[in-house]
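First comes the structure, then the notes that go with it.
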Amino acid sequence: RITILPHGTLRILNASKSDEGRYSCQGVNVFGSAEIIASVSVKEPTRIELTPKKIELTVGESIVLSCKALHDGTLDVTFYWTLNGQPIDFEKEGGHFESIKAQASSADLMIRNILLMHAGRYGCRVQTAADTVSDETELLVRGPPGPPGVVIVEEITDTTATLSWSPGADNHSPISLYNLQARSPFSLGWQTVKTVPDVIGGDMESAMAVDLNPWVEYEFRVVATNKIGTGDPSAPSRMIRTNEAVPKTPPANVSGRSGRRHELVIAWEPVSEEFQSGEGFGYIVAFRPNGTRGWKEKMVTSSDASKFIYRDESVPPLTPFEVKVGVYNNKGDGPFSPIVVICSAEGEPTAAPIDVKATSLSVSEILVAWKHIKESLGRPQGFEVGYWKDMEQEEAAEKVKTEGNESSILLTGLEGNTLYHLTVRAYNAAGYGPPSTAVQAATKKSPPSQAPSNVMWIQEGSHVSLGWEPVRPLANESDVMGYKVLLRQEGQSNSQVIETQKTSAVVLLPDVGVYIIEVCAVSEGGDGTASPQIRVPSFPGGKVTSAQSTLHVLSTSSSSVTLLLALMVPSTSW
């Protein structure tokens, strides 16, 4: 049990407490001797227990691994955690791992929200000054399947594709079924496709996608499912195009459209490229007068076409036709749409409006009114009014339209004191009818540019008496028909209007405050320039003493405004 080795080392096997003590080693030669002393302490061996020993968990679950140490009480212990032999870096594991040390002789490892990557051998190593011991446990993580292997297109027809693939990892839960998905330029991302068989079992590695559209490019992928869930999809297959076939989808919403006289306008919704099934796609338009037997067919070679116009001078307006639209491509003719009945165009209006009247309202406005003869054909959708100045040609006329059954329109933005010629004509989708006989109307002269001058006012209580000199218009301005007094309270936008044909007026100030007063001339051409604003206070109680009654005059004979105040009582100070 105790041996001295050739190089002088002392080896003690199966040490026990009786081996504790001081050991001396002495070396001797002809020159003398040397000695060293070693002190030996024998400690209890460290033992650990790591639980649980074998764990099976599902992705998303959590677990606590417990490591307990039995050791000599005189020694400190340190715990270390490993995964597959590598130290766990608690700072870099995204919060999945946490080391918990509740007691000096035990430590726990918390694993939260377990992922597939967390499966493996977990080790707990306990180290003291005397020895190091470790233990391991196996953690198995079940999860959804991994992505299947490469998807290969084995065979392709016009509506089917036979696919094969290799299984991916089942992640400790057997694969129960597969799902086939396809993507084309016309789909919204990946879509599940019908297959043969309907249900693809987990032990299968091939299936047929059916009900595909001919002459469409597809990519395919496979997704596996087990009891835990559905895994990530495989990588997409190479893009393939299904074979051509005779088209099976006719146009939708076949209907009539407005056109010119003697026209039959047939419209439809174009068939999407997804359903054209091959190259050389076009339309076959078939029609016949209602009640006849033979169909007349016309080819439309553009795949984007949405309308066909058939013109025949012998076709009366609003003649009913039976119409259907079919499809074709290089593989042959497809089906026709259901038969619908539509009518030939009724044509543009044939009658001109009558009793056209033009009335001048102001310097820039003319009201135009008319009547229209009701027609059985060429019914109007609205009317167009053309107007031009006396010195201009009709070709330069400006135009404005109405919609529906309107029988009048107000023209605005015209030049003042100007003679206009006006015509009215009806219109619809087929075109324009004949114009009415031209009528004339002249806009009013411009309103007076001169403002009322020398405005005088006197305030007595809540009443204000106003007077001013008459406005004399220029030769190219409208005659004065009267005057307007505009009254509003300061800070307000709405004005009270008092009209008079005299050059004086009395206004009432209803509330306490400061009022703004303006005066302007009224003419056929509109309101003239307003006088400078007058600011008049209204006193509490509605009364003004004799000392407060004051005559005020605004002189506007020049470009400046002069305020003259004549005191009606003496000895008033300012």
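Odds and ends about this structure:
- From the Kirkwood radius over Cα pairs of region 1-96, Stokes-Einstein at 20 °C and 1.002 mPa s returns a whole-number translational diffusion coefficient of 113 µm²/s.
- Formal net charge of residues neighbouring Thr402 (Cβ-Cβ distance under 14 Å; K, R +1; D, E -1): +1
- P(r) tail for region 408-481: Cα pairs beyond 16 Å make up 71% of the total.
- Checking Cβ-Cβ separations below 4.7 Å across the chain identifies Cys25, Cys343, Cys520 as cysteines lacking any candidate disulfide partner.
- Note on Glu56/Ala235: beta-carbon distance plugged into 1/(1 + (r/R0)^6) with R0 of 22 Å gives a FRET efficiency of 0.15.
- Coarse-grained scattering of region 325-398 at q = 0.11, 0.13, 0.17, 0.20 Å⁻¹, given as base-10 log I(q)/I(0) from a Debye sum over alpha-carbon atoms: -0.57, -0.65, -0.87, -1.04
- All Cα pairs of region 252-344, percent lying beyond 21 Å: 29 percent
- Percent of Cα-Cα distances greater than 15 Å, calculated over region 152-242: 56 percent
- Were the residues from Glu395 through Arg293 laid out at 0.36 nm apart, the gain over their Cα-Cα distance would be 31.8 nm.
- Entry for region 453-545 at q = 0.20 Å⁻¹: log10 I(q)/I(0) = -0.93, Debye formula applied to identical alpha-carbon scatterers, no solvent contribution.
- Full extension of the chain between Asp89 and Ala351 yields a length gain of 85.0 nm, computed as 0.36 nm times the residue separation minus the alpha carbon distance.
- Note on Lys389: lysines with a C-alpha under 16 Å away, same-chain residues under 8 apart excluded, are Lys399, Lys444, Lys445.
- Protein-only accessible surface order, largest first, of Leu70, Leu115 at 1.4 Å: Leu70, Leu115
- With a Förster radius of 22 Å applied to the beta-carbon distance between Lys307 and Glu406, the computed FRET efficiency rounds to 0.15.
- Using a Förster distance of 56 Å, the FRET efficiency for Val340-Asp203 (Cβ separation, nearest 0.05): 0.55
- Qualifying lysines (Cα of each under 27 Å from Cα of Lys307; at least 8 residues distant if same chain): Lys248, Lys296, Lys298, Lys324, Lys331
- Inter-probe distance in nm under a simple model that places probes 7 Å from Cα toward Cβ, at Thr157 and Phe539: 10.8 nm
- Here the label points at His172 and Glu136, each 7 Å from Cα along the C-beta direction, are separated by 1.6 nm in the simple model.
- Heavy-atom accessible surface of Met208, to the nearest 10 Å², is about 70 Å², with a 1.4 Å probe and all protein chains retained.
- Potential lengthening of the chain between Ser187 and Asn14 amounts to 54.5 nm, from the contour at 0.36 nm per residue minus the alpha-carbon distance.
- For volume of the Cα convex hull per residue in Å³, calculated from these coordinates, the label among [x] 524; [y] 238; [z] 171: [x]
- Simple spin-label estimate for Thr249 and Thr359 gives 6.0 nm between the two label positions (7 Å along the Cα-to-Cβ direction from each Cα).
- Over the chain, relative contact order from alpha-carbon pairs under 8 Å, at least 6 apart, %: 7 percent
- Toward the positive end of the charge dipole of the chain, with +1 on the Cβ of Lys and Arg and -1 on the Cβ of Asp and Glu, the farthest Cα among Ala130, Ile63, Ala352 is that of Ala352.
- Separation between Cα centres of region 373-424 and region 443-492, rounded to whole Å: 36 Å
- D (Stokes-Einstein, µm²/s), Kirkwood Cα radius, region 299-354, 0.890 mPa s at 25 °C: 172 µm²/s
- Zone of Ala102's modelled label, taken as backbone nitrogen in region 38-59 under 18 Å from a point 7 Å along Cα→Cβ: 49-53
- Largest first, the residues Val59, Val368 sort by 1.4 Å accessible area into Val59, Val368.
- Anchor Lys17: aspartates and glutamates whose Cα lies under 12 Å away (excluding residues fewer than 8 positions away in-chain): Glu44
The values are calculated or read from the model by the stated rules, or taken from the named source; none is laboratory data. For clarity, every value in this text was computed on a predicted model and none was experimentally measured. Here the Cβ is made from the backbone with ideal geometry for all residues, glycine too, and neighbour counts use every protein chain on show. For accessibility, only protein heavy atoms count, side chains too; no ligands or nucleic acids. Shrake-Rupley method; radii C 1.70, N 1.55, O 1.52, S 1.80 Å.
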